[in-house]
């Protein structure tokens, strides 16, 4: 339909990112020269342990935590599992009630479902049409059996920034101790995080969404927070997370965090400019579009998500791919289950519209020229697909 | 959206499917079709409209419109290509497997697309025959 061009534009940074050159360079010595096990006292081991500590320091500073409060994991999925199950098990004598939202990532939802099967009671908060949770509903649901609240900071699909600080305040004012876990995989490096100001007890982040390597994540855990390990084995540096640390990836994670937070505000402004340019361009050039998630300051600077009515998302995704542009879709056709996204369903998007949803996620490395190119290709793709669609404008 | 972005399956399309997705055959509206039918539902994420031009017992032309994924567009192309010039009886005998085979196989997850194209064709033939019956009486 369109002549393929050579430009490559990667706009799926919410799924994963390219490892930054500086990150890779920092990692390489830890594969062959500095390959030691960080538990051992000979110099090779100490070198590795020092490197892990440096990464802990950088990451701790980026969220206003202390170095010892950072535990490395294989990613945010493992961090979420350790935080939620670990805190649930450690607090089960006090209560069995957990509150989360309907729009969490599967790495939180599946863990909660597992806990339900083990006898815990989980309430899933509703969200409004822009994806925001309801603080009143949260307050109403808290009872004397409540031990844990788990809320995502930024919604990975629609970019909604949840009112984490307000939730933290509510929990601080309670007479009982309710622990607060935040999945910050989609916000880390994009939206400021301060675990003190936000009153967060546990926070999950991952390297591969901030130009670090896959296979490294971290759990921030406030000092003296009761958590039971969910993995058994040889304890190296972290009693809560047995097993040999992935030192090269951890080193890469530290470097990636350093790069993301060195000039953080500048990076965020850059992403916001591109986000707004893309949103304005789509709304100017294409009719019958539906924005998912909020506008302005309460939207992640890195997230743009629209449904293009009367076309199906996977076809849009593949045509963009044929033109060198990578995006994600909420269409059921791209999943195993053939059901539209649980997030779009929770915010009340009708299935026929959810099937045409396309998510564009930015990084600080994207350029204005890339957005120009997308705005040149995308309207043609949508026009061509609408031309072959049996559904005509206005039908829904 | 990213559906569940995290639950993407390992979809792999054949070269033939990608080719027909890029350059679909017989796509568009037909002028003065003998019969036009739709199958599927936009709520389920795939829908197909098919138009046939029939003379005597023979399908002279076939066209389709698609609201669906690459597999939907490719199977619409394949079915319309396969039935052009065939008699109604021959077209009716076309199997889902033949459609899938002509595309170099469909991913298991996308077999429902072949089923949809096949169902749309069957419905068009059925409606045409009904129309003929009604004209006779």
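Using the 10 angstrom Cβ neighbour count as an exposure proxy, how do B:30, A:152, A:7 rank, fewest first?
A:7, B:30, A:152
Build a GNM of chain A with springs between Cα atoms under 10 Å: which of A:257, A:354, A:20 gets the top mean-square fluctuation?
The residue that fluctuates most here is A:20.
Sort largest first and round to whole Å: the equivalent ellipsoid semi-axes of the stretch B:14-136, each the square root of five times a Cα gyration tensor eigenvalue.
Those come to 24, 14, 13 Å.
Could you list the residues of the stretch A:60-102 with an amide nitrogen less than 18 Å from a label point located 7 Å from the Cα of residue A:175 in the Cα-to-C-beta direction?
Of the residues in the stretch A:60-102, A:94-95 have backbone N under 18 Å from the label point off residue A:175.
Among A:258, A:369, what is the fewest-to-most ranking by other Cβ atoms within 10 Å?
A:369, A:258
Which whole number gives the average count of other chain Cβ atoms within 10 Å of the Cβ atoms across peptide B:37-45? All intermediate terms of the calculation are to be shown ahead of the outcome.
Values: counts 0, 2, 1, 1, 2, 14, 9, 8, 15.
Shielding by partners across B:37-45 averages 6.
Could you please rank A:220, A:310, B:128, placing first whichever residue has the fewest other Cβ atoms within 10 Å of its Cβ?
B:128, A:310, A:220
With no solvent and one equal point scatterer per Cα, compute the Debye intensity ratio I(q)/I(0) for the stretch B:62-102 at 0.23 Å⁻¹ and report its log10, rounded to two decimals.
Result of the Debye calculation: -0.77.
Report, in deg cm²/dmol and to the nearest 500, the calculated mean residue ellipticity at 222 nm for chain A, where each DSSP H run with n ≥ 4 adds -39500 (n - 2.57) and the sum is divided by the residue count.
Result for chain A: -11500 deg cm²/dmol, rounded to the nearest 500.
Determine the distance separating the Cα centre of the stretch B:84-137 from the Cα centre of the stretch A:178-230; give it in Å without decimals.
Here the answer is 54 Å between Cα centres.
Which FRET efficiency value, to the nearest 0.05, is calculated for residue A:128 and residue A:8 with the Förster distance at 41 angstrom and r the Cβ-Cβ distance?
0.65
Within the stretch A:355-372, list the residues whose amide N lies under 12 Å from a label point set 7 Å along Cα→Cβ of residue A:284.
Correct set: A:372.
Assuming a ≥ b ≥ c are the square roots of the Cα gyration tensor eigenvalues, decide whether chain A counts as rounded (a/c under 1.5), prolate (otherwise, with a/b larger than b/c) or oblate. Mind showing how you got there, number by number?
Details: a/c = 2.10, a/b = 1.32, b/c = 1.59.
It is oblate, given that a/c is not under 1.5 and a/b is not larger than b/c.
Share of Cα-Cα pairs in the stretch A:225-297 beyond 16 Å, in percent? Please list the in-between numbers first.
Details: 1874 of 2628 pairs.
Pairs farther apart than 16 Å: 71 percent.
Under a 10 Å cutoff between Cα atoms, tell me which one of A:72, A:120, A:180 has the largest fluctuation in the Gaussian network model of chain A.
A:120
Could you state the number of Å between the C-alpha centres of the stretch A:250-268 and the stretch A:61-126?
Distance between centres, Cα-based: 26 Å.
Over chain A, with a Gaussian network built from C-alpha contacts below 10 Å, which listed residue (A:11, A:203, A:24) shows the highest mean-square fluctuation?
Residue with maximal mean-square fluctuation among A:11, A:203, A:24: A:24.
Using 0.36 nm per residue of separation minus the Cα-Cα distance, give me the extension gain between residue A:392 and residue A:367 in nm, one decimal.
5.5 nm
Quick one: helix A:76-90 against the long Cα principal axis of chain A, what's the angle to the nearest 10°, folded into 0 to 90?
Rounded to the nearest ten degrees, it is 50.
Restricting to bridges with both residues inside the protein assembly as shown, how much of the DSSP beta-bridge set is antiparallel, in percent to the nearest 5?
65
Is the C-alpha gyration tensor of the stretch A:1-70 telling us rounded, prolate or oblate? Criteria: a/c under 1.5 is rounded; beyond that, a/b larger than b/c is prolate, otherwise oblate. Walk me through the numbers on the way to the answer.
Details: a/c = 4.51, a/b = 1.94, b/c = 2.32.
Verdict is oblate for the stretch A:1-70.
Where both residues lie in the stretch A:21-261, what percent of DSSP beta bridges are antiparallel, nearest 5? Provide the component values of the computation, followed by the final result.
Working: 11 of 27 bridges.
The antiparallel fraction comes to roughly 40 percent.
Given Cα pairs under 8 Å that are at least 6 residues apart, what percent is the relative contact order of chain B? Display every interim value, and only then the final one.
Values: 210 pairs, mean separation 36.2, N = 137.
Over chain B, the number comes to 26 percent.
Using a Förster distance of 25 angstrom, determine the FRET efficiency expected from the C-beta separation of residue A:74 and residue A:269, and round it to 0.05.
Plugging the Cβ-Cβ distance into 1/(1 + (r/R0)^6) gives 0.20.
FYI, it's all coordinate maths here, none of it is from the lab. Computed from a predicted model, the values in this text were never measured in an experiment. Methodologically, a virtual Cβ is constructed for each residue, glycine included, from the backbone with ideal geometry; neighbour enumeration extends over all protein chains shown.
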